[in-house]
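Below is one structure, written out as structure tokens, with a few remarks after it.
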Amino acid sequence: MKHLIMALLLMRIIFNAAAQLPAYDNYPVYEGNDLGLSYTKESSRLKIWAPFAESVRLVIYKEGQGGKALKKETMEKAAFGTWAHTLKGDWAGKFYAFSVKRMGKWSEEVTDPYAKAVGINGGRAMILDLRKTDPIGWERDGLAALPATEAIIYELHIRDATIAANSGIHHKGKYLGLAESGTRVTGLDHIRSLGVTHVHLLPFFDYNSVDEKDPARKYNWGYDPLNYNVPEGSYSADPYDGSRRIWEVKQLIQTFHSSGLRVVMDVVYNHTAKTENSNFNRIVPGYYYRQDANGKFSNATACNNETASERAMMRKFILESMVYWVKEYHVDGFRVDLMGVHDIETMNLISRELNKIKPGILLYGEGWTAGPSPLPDEKRALKKNAAQLDHIAVFSDDMRDGIKGSVFVHDEKGFASGKIDNIESVKFGIVASCQHPQIDYAKVNYSKAPYAKEPWQVITYCECHDNHALWDKLAISAKEYREQERRSMQKLALAIVLSSQGIPFLHAGTEFLRTKQGVENSFDSPDTVNQLDWDLRRKNGDIVEYVKTLIRMRKEHVAFRQTSADQIRSTIRFRDDIPKGILAYTIDGNKVFDPWGDIMVIFNGNNTVSRVSVGDQNWYYFISGINYPSQQVKGEIEIAPFSCTILHKNK
Ligand code: CA
């Protein structure tokens, strides 16, 4: 009986201790912008938000991993749930960690979530003078933003770009490797030659999966965040020195900028690699994540947890992190992973604040989740809510799968490989998912209503790092066709993307028939699967030239990158007087002052030569599946199987 009473008493104490904590929405909110390290030569001040902690300890080390603590300091309780401590003197080059005491128990040491530099594998934050990480001329670095519809995005993984033996690049798989030039047809030189405007780099914040001590042993795309405000170490020539990688990323971005290329950073704020043991959760248990009805971590990301962007300090964290990457690293845009997990209010706040710093910054994300979320659909940045997003675009999976078939049904064809029923979905993509009177929305594959108000709200694509590479998808779904015919399909798919309204997006290497050898989800496949094979670049130079021609066309002709849905509705007319399996439309380029005047675009999704009348006035060929005839044409013209023909009235 005595034991029972004791047990009940103990339970009551624990229950009360838990019950004393308010709901997460009522946690104190710290409005200051000095969380993390404030460094000068005279002192280093550390600040952490850890409401309801009983005590917080700061531990200083000489090393980024291992070794004995140089110093342990108790932090002082400060306003709004924060704890602070000032170290006198110059501590640059030293490392630190926090430990938090709750219910009488100290947590394991954790990395400062606001860390801007870390040691090997991100286990401890580093004290440094950020100004010493700037490359020469950094203060003059930067490119003005382009209007979103003028962007042509090239999606690239830093390591894939240079790791292949045939890249001819010295710093293979590294930040600096992607900044090398003089290799003529590989890496940066190749990208520059394409004419794309933005390079979207897959995650290069510090992620968890690759051992930075031996990166060659393991590969990962990097969608497993560890330290949000620090560059990944495995791409660095020296991942032990926390300042080195910062300089390298800046060097890379500066090189891109001086090549006329803007940089989009792929960010993953929707979940953290670790759950119970993440630094967020050890410092403020539960707060940074959403919970399901049972109080367990909810999982809209299929990665064991989902962050709670709607809570004040998580919202602030995401915003401050993105502001930091723009200000400190001069990034030109963000691609937001599983943006549908985040709430609309947070995304619009981010857009407003980033546009103040960099007007016209390019923002886009995945308007979906990987599972159900406790936050209601109407609050989340889902594709169907795209019209509510303020200068943020969403990926058009309708267009993607309309062109090549569902990414989930591997042997399904798309319009470019002969599934002509998909025409309505492709038409929907051509007008960038906006309202157009000639589209039968009931026949569109996924969205039965136009979700975009304006063309800059949509990323037009047919392929990204996820799922099969386009060339592999064609090999699986159109295996009865010869390679020559599948090459035509690939060209047709890319021509649709590059001639359609919205913001075109290409997966690196698609312009030379990149293959991942049939691997569908290569997120941790070896380099042999993921690397860009530069022999393919040499072998398929004709397709590279084809893509370059279309990129040039898009840049020179505003008709293909119109800036409003009203313009699109008034200039684009789909033709209905044409054979089955042909998708043809005209653009009245005069209305948007395009030098070509009238334009006609004809896509043939049939495996047969088709004949299409273009009327009794002369047209010039720009591009066609039947070589490049230079003469003028009128009347009936031949359209090659699986091909794109573009005609224009004015020379
Ligand atoms: Ca890492």
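The values are calculated or read from the model by the stated rules, or taken from the named source; none is laboratory data. In this text, all values refer to a predicted model and were calculated from it rather than measured experimentally. Every residue, glycine among them, receives a Cβ derived from its backbone with ideal geometry; neighbour counts consider all protein chains shown. Each accessible area value is taken on the protein alone, full model and side chains, heavy atoms only, with ligands, DNA and RNA left out. Shrake-Rupley method; radii C 1.70, N 1.55, O 1.52, S 1.80 Å.
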Using modelled backbone amide H atoms (1.01 Å from N, in-plane), which distant-in-sequence or interchain residues come within less than 5 Å of Val230's amide H?
-> Asp206
Hey, can you grab everything whose amide H is under 5 Å from the amide H of Ser55? Only 5+ residues off in sequence or another chain; H modelled, so Pro and N-termini drop out.
-> Lys101
Short version: ³J(HN,Hα) in whole Hz for each residue of the range 90-96, in order, from phi by Karplus 6.51 cos²θ - 1.76 cosθ + 1.60 (θ = phi - 60°), x for Gly and Pro, what are they?
-> 9, 9, 4, x, 8, 10, 8
Among the trypsin sites (Lys or Arg not before Pro) in the range 53-86, which ones are in a DSSP loop with at most 11 other Cβ atoms within 10 Å of the Cβ? Mind listing them?
-> Lys68
Give me the net charge of Leu226's neighbourhood, meaning all other residues with Cβ under 11 Å from the Cβ of Leu226; Lys, Arg count +1, Asp, Glu -1.
-> -3
Can you give me the relative contact order of the chain as a percent, contacts being Cα pairs under 8 Å and 6 or more apart?
-> 10
Kindly flag which residue pairs out of Lys172/Lys404; Lys88/Lys132; Lys491/Lys539; Lys174/Lys316 have an alpha-carbon separation exceeding 22 Å in this structure.
-> Lys172/Lys404; Lys174/Lys316
In Å, descending, principal axis extents of the Cα set of the range 299-382 | 34, 23, 23
Non-local amide H neighbours of Leu506 (under 5 Å, H modeled in plane, Pro and chain starts lacking H): which ones?
-> Ile153, Tyr154, Glu155
Expected vector for the range 518-535, Karplus 3J(HN,Hα) from phi with 6.51, -1.76, 1.60 and θ = phi - 60°, integer Hz, x for Gly and Pro, equals x, 6, 7, 10, 9, 4, 10, 6, x, 4, 4, 8, 8, 5, 6, 8, 6, 5
For the chain, the charge dipole (Cβ of Lys, Arg +1; Cβ of Asp, Glu -1; about the Cα centre) points to a positive end, and the Cα of Ile423, Pro450, Thr346 closest to that extreme belongs to Thr346
Out of the range 199-286, which GluC sites (Glu not before Pro) are coil in DSSP terms and have no more than 13 other C-beta atoms within 10 Å?
-> Glu276
Checking the range 554-651 for GluC sites (Glu not before Pro) in a loop per DSSP with at most 16 other beta-carbon atoms within 10 Å yields none
Stokes-Einstein at 37 °C, 0.692 mPa s, Kirkwood radius from Cα pairs: D for the range 543-651 in µm² s⁻¹?
-> 230
In square nanometres, what is the average projected area of the Cα convex hull of the chain?
-> 31.4
What aspartates and glutamates sit close enough to Lys443 to cross-link, taking a C-alpha to C-alpha distance under 12 Å and skipping anything fewer than 8 places away on the same chain?
-> Asp398, Asp421, Glu424
Exposed loop chymotrypsin sites (Phe, Trp or Tyr not before Pro) only (DSSP loop, at most 10 other Cβ atoms within 10 Å): please give the longest stretch of the chain free of them, not including the sites.
-> 1-407
Within the accessible area of the chain (1.4 Å probe), percent carbon and sulfur = 52
Accessible area per residue in Å² at 1.4 Å probe, computed on the chain = 39
For the range 109-178, list log₁₀ I(q)/I(0) at each q in 0.25 Å⁻¹, using the Debye formula over Cα point scatterers of equal strength and ignoring solvent, two decimals each.
-> -1.01
Between the range 84-121 and the range 140-194, how many Å separate their Cα centres?
-> 35
Could you state the angle between the C-alpha long axis of helix 483-499 and the longest principal axis of the C-alpha atoms of the chain, as a value from 0 to 90 degrees rounded to the nearest 10?
-> 70
Using only the Cα atoms of the range 48-183, construct the convex hull and provide its projected area averaged over every direction, in square nanometres to one decimal.
-> 13.8
How high is the FRET efficiency between Asp616 and Ala442 when r is their beta carbon distance and R₀ equals 25 Å, given to the nearest 0.05?
-> 0.10
Three-way shape call for the range 153-239 based on the alpha-carbon gyration tensor, with the a/c threshold at 1.5 = oblate
What do you get for Rg/Rh of the range 61-131 when both radii come from the Cα atoms and Rh is the Kirkwood radius?
-> 0.96
How much of the DSSP beta bridge set in the chain is antiparallel, as a percent to the nearest 5?
-> 70
³J(HN,Hα) across the range 599-615 via Karplus (A = 6.51, B = -1.76, C = 1.60, θ = phi - 60°), whole Hz, x for Gly/Pro?
-> 10, 10, 10, 10, 10, 9, x, 8, 8, 9, 5, 10, 10, 10, 7, 10, x
What does the helix-only formula give at 222 nm for the chain: each DSSP H stretch with n ≥ 4 adding -39500 (n - 2.57), the total divided by the residues, and the result rounded to the nearest 500 deg cm²/dmol?
-> -7500 deg cm²/dmol
Which values, in whole Å and largest first, are the semi-axes of the equivalent ellipsoid of the range 323-436 obtained as the square root of 5 times each eigenvalue of the Cα gyration tensor?
-> 30, 16, 13
